[in-house]
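*Asks:* I'd like to ask you about the structure that follows.
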Amino acid sequence: MDQIPILKLGNVLLVTIQVELHDQLAMTLQDDLTHRLSKTRARGVLIDISALEIVDSFIGRSLAHIAGIARVMDATTVLVGMRPAVAITLVELGMSLTGIRTALNVEKGMQLLRESMDEQESFHQ
């Protein structure tokens, strides 16, 4: 069975999707990521979709669900590497990916996560 690796970098979980994301794999990723968030108490999730050429409505909803779960578990989600064709498709499908911040690449995504986590930390003090 396919599985997408989830790496822990400090207090961030890094998910790099290198294969086409079919429905069952998206559900497995959602479950795996939820368990890793619970176990590690990570404060950020960075999902790199630069290898994805197609994102359909199910995958888009799955990404939004992952971000919603992360938000409830006190983590911020940033989606990076979205191809222009994927962005166009998501807009045409009417999907806004609520709760997911986006960045052009992993470096900018990590910077966005750090800033977001710093804001949350100062808010809780």
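The values are calculated or read from the model by the stated rules, or taken from the named source; none is laboratory data. For clarity, every value in this text was computed on a predicted model and none was experimentally measured. Here the Cβ is made from the backbone with ideal geometry for all residues, glycine too, and neighbour counts use every protein chain on show.
*Asks:* Which is in contact with a strand residue (DSSP E or B) (Cβ under 9 Å, 6 or more places away or on another chain), hydrophobic (A, V, I, L, M, F, W, C) and either farther than 22 Å from Leu112 by Cα or in a helix (DSSP H, G or I) (or both), of Leu37, Leu7, Leu46?
*Replies:* Leu37
*Asks:* Okay, next question. Which of (1) more than 14 Å from the chain's Cα centre (by Cα); (2) touching a residue at least 24 places away in the same chain (Cβ under 8 Å); (3) on the phi > 0 side of the Ramachandran plot does Gly81 not meet, given it meets every other one?
*Replies:* Only one criterion in (1) more than 14 Å from the chain's Cα centre (by Cα); (2) touching a residue at least 24 places away in the same chain (Cβ under 8 Å); (3) on the phi > 0 side of the Ramachandran plot is unmet by Gly81, namely (1).
*Asks:* Go through the stretch 87-113 and give me each residue that's modelled with pLDDT of 90 or more, assigned to a helix (DSSP H, G or I) and either buried (at least 16 other Cβ atoms within 10 Å of the Cβ) or touching a Ser or Thr at 6+ places or on another chain (Cβ under 6 Å) (or both).
*Replies:* Val106, Gly109, Met110, Leu112, Leu113
*Asks:* If I filter the stretch 18-34 down to residues being outside any helix (DSSP H, G or I) and in contact with a helix residue (DSSP H, G or I) (Cβ under 8 Å, 6 or more places away or on another chain), which single residue comes out as farthest from Met95 (Cα to Cα)?
*Replies:* Val19
*Asks:* Among the residues that make up the stretch 49-59, is at least one of them at pLDDT 95 or above and either surrounded by fewer than 15 Cβ atoms within 10 Å (Cβ to Cβ) or in a strand (DSSP E or B) (or both)?
*Replies:* no
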